[in-house]
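Comments concern the structure below.
The values are calculated or read from the model by the stated rules, or taken from the named source; none is laboratory data. For clarity, every value in this text was computed on a predicted model and none was experimentally measured. Please note: Cβ atoms are built from the backbone with ideal geometry, for glycine as well, and neighbour counts cover all protein chains shown.
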Amino acid sequence: MRILIVEDEEKMARALRAGLEAEEFSVSVAGTGEEGFFLASTEPCDLVILDLMLPARDGMEVLLALRARNFSLPVLILTSRDTVEDRVRGLDAGADDYLVKPFAFSELLARIRALLRRGKSEPSDILRLADLEMDAAGRVVSRAGKDLALTAREFDLLEYLLRQPGRVVSREMLARDVWRETARYTPLDNVIDVHVAHLRRKLDEPFSKKLLHTVRGVGFVLREETS
């Protein structure tokens with residue numbers, strides 16, 4: 001399970017990382033709100049531990065921005081702000097839990113486990129975005145009622161994107177999670193780009209509304225444009 005810690009106090013961040021890694025979590029750390037939002041938006045993770053008092057972009061802004069983009073990953077606020085009003089604001093903004101510093105690490109672990117259990121559910125077999133529909137179990141894809149003839153790799157690539165709509169996925173993520181390559185080399189980037197281009201021709205070219213977009217220098221995103 002992957003946890004993202006967004007915390008600007010280096011000593012606290014190091015302690016959290018060491019404790020969670022000892023519990024066999026995979027941990028990433030961001031020292032600013034901007035970096036935390038970027039990592040939460042572009043890298044796969046199962047839970048975010050979010051401080052509120054962050055430089056440049058505070059934790060509340062990060063939380064609101066994530067929820068505005070429909071990211072449903074669990075967020076646990078970990079902060080020294082301890083008033084009732086602060087807790088209410090955080091929970092109303094979309095936090096799943098709120099823990100005040102100082103805290104017992106055993107309690108933090110218990111809350112993390114509870115949030116991860118709560119977030120576990122069987123993935124849906126029917127995935128939809130705009131007029132695109134996929135039956136993941138039957139491996140059938142259609143757009144505007146028209147079946148799309150995809151190769152096995154194109155299907156896996158589209159399913160990966162459909163399971164996280166609006167989220168930018170990098171070539172590193174696709175190499176690891178779709179191609180199952182742990183050691184990544186430049187030629188695989190070219191292979192990924194070719195498959196994305198083939199998928200785009202089948203998915204978007206026959207239709208006026210485009211769904212598969214390239215984010216230059218970052219990766220790819222499946223989303224419905226509003227304008």
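Annotations
So that you can scan it fast, the table gives a plain yes or no per residue for (1) modelled with pLDDT of 95 or more; (2) closer than 25 Å to residue 164 by Cβ:
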site: 1; (1), (2): no, yes
site: 6; (1), (2): yes, yes
site: 23; (1), (2): no, no
site: 28; (1), (2): no, yes
site: 32; (1), (2): no, yes
site: 37; (1), (2): no, yes
site: 40; (1), (2): no, yes
site: 43; (1), (2): no, yes
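- Selection within region 142-173 - closer than 19 Å to residue 206 by Cα, touching a Phe, Trp or Tyr at 6+ places or on another chain (Cβ under 7 Å) and surrounded by 13 or more Cβ atoms within 10 Å (Cβ to Cβ): 143
- The condition of being without any contact (Cβ under 8 Å) to a residue 60 or more places away in the chain and in contact with a helix residue (DSSP H, G or I) (Cβ under 6 Å, 6 or more places away or on another chain) does not hold for residue 90.
- Evaluation of residue 66 against the conditions (1) modelled with pLDDT under 90; (2) more than 29 Å from residue 175 (Cβ to Cβ); (3) not basic (Lys, Arg) shows that the sole unmet condition is (2).
- Put simply, of 99, 63 the only residue that is in contact with a Lys or Arg (Cβ under 7 Å, 6 or more places away or on another chain) and either under 19 Å from residue 13 (Cβ atoms) or not assigned by TED's automatic domain parsing to the domain that holds residue 33 (or both) is 99.
- Residue check, residue 67 surrounded by fewer than 19 Cβ atoms within 10 Å (Cβ to Cβ), of a type in the set (Lys, Arg) and over 28 Å from residue 160 (Cβ atoms): no
- When restricted to residues that are surrounded by 15 or more Cβ atoms within 10 Å (Cβ to Cβ) and either among the hydrophobic types (A, V, I, L, M, F, W, C) or in a helix (DSSP H, G or I) (or both), region 187-227 contains 15.
- Residue in region 67-121 that is nearest to the chain's Cα centre (by Cα), counting only those that are of a type in the set (Val, Ile, Thr) and either under 24 Å from residue 24 (Cβ atoms) or in a loop (DSSP other than H, G, I, E, B) (or both): 75
- Some residue of region 48-59 being over 22 Å from residue 117 (Cβ atoms), part of a helix (DSSP H, G or I) and either touching an Asp or Glu at 6+ places or on another chain (Cβ under 9 Å) or of a type in the set (Asp, Glu) (or both): yes
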